[in-house]
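Reviewing the structure listed below.
Just so it is clear, none of the values below were taken in a lab; they were calculated from the coordinates. For clarity, every value in this text was computed on a predicted model and none was experimentally measured. FYI the Cβ positions are ideal-geometry reconstructions off the backbone, even for glycines, and counts take in every protein chain you see.
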């Protein structure tokens, strides 16, 4: 990262290198030492997370995504936890957090698909809110890869990387997606 390539999320300033965050273990990634940056305008420091991880989570987004996908397939949190080798309470927390906001997340992914794609088709309702969210994520991934290419800096772009990037790594954070984001992205037909 060099000065001027990234904008500060809090102001109109630009980010400059500011060392490294502390190393941490992330299940599914291994050891991670993220880059830090400081805004030249507001002087706030930021940790720049890769799209393979989420904010304040000890598991890679692909591990969390596998749990959410398994839930859409009908598995319960205990079976998913055993399958992934993750504590059952952790998986239950992920599923509860997402289960409480399925419609808002579906709308968010449909807005991403609409903004990134040209003439993006709406996915059909699949009879389950969990599967509908995954279909919307699939539409967003298709739109993003069609527009920007199927390969990113770290390899092929996956659906869960699109989910992490479009949520600002806040996929499971409290208060995400913001109510104004969901309201602004009405995806229903007139």
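Entry note, the chain: the mean residue ellipticity at 222 nm calculated from DSSP H runs of n ≥ 4, each adding -39500 (n - 2.57), is -13000 deg cm²/dmol after division by the residues and rounding to the nearest 500.
Bridges between two residues of the chain, per DSSP, are antiparallel at a rate of about 95%.
For the range 75-183, averaging the sequence separation of C-alpha pairs within contact (under 8 Å, six or more residues apart) and dividing by the residue count gives a relative contact order of 24 percent. Note on the chain: Cα-Cα pairs beyond 21 Å make up 56% of the total pair count.
Relative contact order of the chain, taken over Cα pairs closer than 8 Å and 6 or more residues apart, is 17 percent.
Gyration tensor over the Cα atoms of the range 35-136: the corresponding equivalent ellipsoid has semi-axes (square roots of 5 times the eigenvalues, largest first) of 27, 23, 11 Å.
The distance linking the range 106-120 with the range 56-77 is 23 Å (Cα centroid to Cα centroid, whole angstrom).
The order of the peptides 94-102, 66-74, 15-23 by mean Cβ neighbours within 10 Å, most packed first, is 66-74, 94-102, 15-23.
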